[in-house]
1. So L98 passes all but one of these: (1) modelled with pLDDT of 95 or more; (2) more than 12 Å from Y25 (Cβ to Cβ). Which condition number does it fail?
2. Are any residues in segment 218-238 among the aliphatic types (A, V, I, L, M) and crowded, with 20+ Cβ neighbours inside 10 Å, and if so, which ones?
3. Which residues, counting only those in segment 35-49, are out of contact with any helix residue (DSSP H, G or I) (no Cβ under 7 Å at 6 or more places or on another chain) and either buried (at least 20 other Cβ atoms within 10 Å of the Cβ) or at positive phi (or both)?
4. Tell me, please, whether a residue that is aliphatic (A, V, I, L, M), within 21 Å of P251 (Cα to Cα) and outside any loop (DSSP other than H, G, I, E, B) can be found in segment 45-68.
5. State which residue is surrounded by the most Cβ atoms within 10 Å (Cβ to Cβ) when the search covers only segment 81-98 and only residues that are free of Cβ contacts under 8 Å to residues at least 40 places away in the same chain and not hydrophobic (A, V, I, L, M, F, W, C).
6. Give me a count of the residues in segment 160-203 that are in contact (Cβ under 8 Å) with a residue 60 or more places away in the chain and under 14 Å from the mean Cα position of the chain (by Cα).
7. Just checking, does segment 9-17 include any residue being under 17 Å from the mean Cα position of the chain (by Cα), surrounded by fewer than 17 Cβ atoms within 10 Å (Cβ to Cβ) and not basic (K, R)?
8. Need the failing condition index for L50 against (1) under 29 Å from V184 (Cα atoms); (2) in contact with a strand residue (DSSP E or B) (Cβ under 8 Å, 6 or more places away or on another chain), just the number.
Amino acid sequence: MRVVVLLENTASSSAMRICHGLSLYIETGGISFLLDMGPNAMFAQNAQSLGVDLSQVRFAVVSHGHYDHGGGVDVFLRRNGQAPVYIRPTTFAPHNYLGKPVGLRSTLKTHKRFCIAQSVQELTPNALLFSQVAPDCLCPPDFSLFQEASQPDLFHHEHNLLLTERNTLFLFAGCAHCGITAIVNRASQLAGKMPDYVFSGFHLANCQDPAYLTRIANALISTGAQFYTGHCTGPLAYAHLQQYLGTQLLPMTAGMDLLI
């Protein structure tokens, strides 16, 4: 398994472009996946610098309908001429946070390469998308501040990618608005085991409750998984969680190239 962080809020070197966004390139079993494209063309510029050929991606996924994860999808569609791009039915609905638009450009939604994913969607025998995760008591505290088409956002437009390689389970998510613990538990239900590796933002940048973060830390420890996080997790939440998880929690940063 190869995981390359194409875009993130931080970078491992000054050669990498950074902005508020996320993009992950994944290779497994001779198949390449792209999860998210950040807000603009920076993910593609970093891919070129890192020697990642976006034209060879077989499957692409927009994890949810926010600009910092799918704003660059038109760039990907120009760089890659064949990969289906999986979205959810309301990915292109109006999305707002505290009244501020955070959604994707609706002009893109009719592109012929978009594929609507079911709540559980098999891409290959070793690749599964899943969505409609029920938020648990540890979901991000600002969950209720998001809206979809002027209604409370239940984040049914958020889906997650499960990959299996040699009996090792990898979970990839975008922002985990439904709660990283709920998503991990749903992944374990679908796969029959806990993920071994998890790559995801935790959407805790606005969380300032140490007791709440400690509860999340203890829940993550109990999974036994190795976590990589960044983007919307926030540096303060990350620092608090790492006090408990130690090396079980590591940072994602643009330019990171992992072989697992």
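1. Result: L98 passes all but (1).
2. First pass over segment 218-238, keeping only residues among the aliphatic types (A, V, I, L, M): 219-221, 225, 236-237.
L220, A225, A237, listed by residue number.
3. Once the filter is applied, which keeps residues that are out of contact with any helix residue (DSSP H, G or I) (no Cβ under 7 Å at 6 or more places or on another chain) and either buried (at least 20 other Cβ atoms within 10 Å of the Cβ) or at positive phi (or both), segment 35-49 yields L35, M42, F43, N46.
4. Yes; the residues of segment 45-68 include at least one that is aliphatic (A, V, I, L, M), within 21 Å of P251 (Cα to Cα) and outside any loop (DSSP other than H, G, I, E, B).
5. P84
6. 14
7. yes
8. (1)
The values are calculated or read from the model by the stated rules, or taken from the named source; none is laboratory data. Since the structure is predicted, the reported quantities are computational estimates derived from the model, not experimental observations. Every residue, glycine among them, receives a Cβ derived from its backbone with ideal geometry; neighbour counts consider all protein chains shown.
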